[in-house]
């Protein structure tokens, strides 16, 4: 209606939504990890520990075995190199949309980059040989059922060929053709990671072939990704959506139009968007605390973070590449950091006085976390100043 006032959604409402929609308030916790993955749209999976700790923070009964079931027994969670060129674990039903809307475009770029490096370092390689190698890998996996990259190198010897990357620099490293190619094939949805060899923190894992997902038109897929993001994270700005997806501004605006996103304003007057009609106030959750891992979807959900994270705390909680470390939350705001020491103790530090109730709740969450971790020791892949200081 012309001249109608744009609804305003303040910081308090946003924090209430965060607690309930991202399943962090205890009464919002769920029984199965698939419900967690859908609630947060996708679990960050660049660091193996993040999937487990993020999921268990939102499960009524935290259990690494429950996450294992979804990832490796039922295979109802799928890991894809997708939004922002980040690995996400998404539900099997959502995977075709993520694949078409984000992963395939990244796989094309990854394949082009790999082919460029192969031509530079290994002159015998060309597009035809790369395609033939992919076919041989899939045939070997069909025969074996599952295999690590090293094991596949026994059947497909060219996977063992290496390239010296960034020669002469402090960070030069040898990379095998296999390590690069399997990553591309996973982004294309041809293979998946299986249960790691070792603990759930291990980065040594076999691969297995996967059935091809239904073909979803790219525009439809992008709209579904944005629809789910708005349902969980809205209100958000166009910049938030662009940052989270890693898409062009044109693709973001087209997807927002396709879902009929409704204009709202944030507390400071900034223009933002929600799904149509999603402007009603959320029932305020009871006070809640959470200990979330590095790269948790809550802390990485928006580009604009001032409403839940003080700018002065960012240097303590993020590394130089923008990766978030372990965070302590109280009622929708980041208020501190936590870490696990070598003896298994979960330790934490608050950045400001948030009261005795908050401290008791944080202590309870630390005890809950240490209880289900048991003998497992979690060290974030991306270390931050606060986490290092707590470990001591």
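The values are calculated or read from the model by the stated rules, or taken from the named source; none is laboratory data. Just so you know, these numbers come straight off a predicted model, no measurement behind them. Using ideal geometry, Cβ is built from the backbone for each residue, glycine included, and neighbour counts are taken over all protein chains shown.
For the subset of segment 302-325 comprising residues that are farther than 30 Å from residue 7 by Cα and in contact with a strand residue (DSSP E or B) (Cβ under 8 Å, 6 or more places away or on another chain), which member is surrounded by the fewest Cβ atoms within 10 Å (Cβ to Cβ)?
316
Given the criterion buried (at least 18 other Cβ atoms within 10 Å of the Cβ), within 22 Å of the chain's Cα centre (by Cα) and modelled with pLDDT under 95, identify the matching residue among 299, 328, 378, 334.
It is 378.
Of everything in segment 336-357, what is in contact (Cβ under 8 Å) with a residue 24 or more places away in the chain, over 18 Å from residue 309 (Cα atoms) and not in a loop (DSSP other than H, G, I, E, B)? Give them in sequence order.
339, 340, 346, 347, 357 - these are the residues of segment 336-357 that are in contact (Cβ under 8 Å) with a residue 24 or more places away in the chain, over 18 Å from residue 309 (Cα atoms) and not in a loop (DSSP other than H, G, I, E, B).
Quick check on segment 159-171. Is at least one of its residues touching a helix residue (DSSP H, G or I) at 6+ places or on another chain (Cβ under 8 Å), closer than 15 Å to residue 207 by Cβ, surrounded by 15 or more Cβ atoms within 10 Å (Cβ to Cβ) and free of Cβ contacts under 8 Å to residues at least 40 places away in the same chain?
Yes - at least one qualifying residue is present in segment 159-171.
If the requirement is being assigned to a loop (DSSP other than H, G, I, E, B) and free of Cβ contacts under 8 Å to residues at least 24 places away in the same chain, which of these qualifies: 320, 286, 360, 303?
320
State whether the residues of segment 4-11 include one that is under 22 Å from residue 202 (Cβ atoms) and either under 19 Å from the mean Cα position of the chain (by Cα) or modelled with pLDDT of 95 or more (or both).
No; the residues of segment 4-11 include none that is under 22 Å from residue 202 (Cβ atoms) and either under 19 Å from the mean Cα position of the chain (by Cα) or modelled with pLDDT of 95 or more (or both).
Filter segment 306-317 down to the residues that are touching a residue at least 40 places away in the same chain (Cβ under 8 Å) and either outside the structural domain of residue 23 (by TED's automatic domain parsing) or more than 28 Å from residue 274 (Cβ to Cβ) (or both) and list them by number.
Result: 315, 316.
Take the conditions buried (at least 22 other Cβ atoms within 10 Å of the Cβ), in the same structural domain as residue 88 (by TED's automatic domain parsing), touching a strand residue (DSSP E or B) at 6+ places or on another chain (Cβ under 8 Å) and outside any loop (DSSP other than H, G, I, E, B) and apply them to residue 265. Does it pass?
No; evaluated as a whole, the condition is false for this residue.
Mind telling me which of the residues 65, 55 ends up being more than 16 Å from residue 229 (Cα to Cα), assigned to a helix (DSSP H, G or I) and in contact with a strand residue (DSSP E or B) (Cβ under 8 Å, 6 or more places away or on another chain)?
The conditions single out 55.
Taking the criterion of being surrounded by 20 or more Cβ atoms within 10 Å (Cβ to Cβ), in the same structural domain as residue 51 (by TED's automatic domain parsing), closer than 28 Å to residue 17 by Cα and at pLDDT below 95, would at least one residue in segment 344-363 satisfy it?
no
For every residue, the table says whether it meets (1) within 16 Å of residue 193 (Cα to Cα); (2) without any contact (Cβ under 8 Å) to a residue 24 or more places away in the chain.
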position	(1), (2)
30	no, no
36	no, yes
41	no, no
53	no, no
57	no, no
61	no, no
71	yes, no
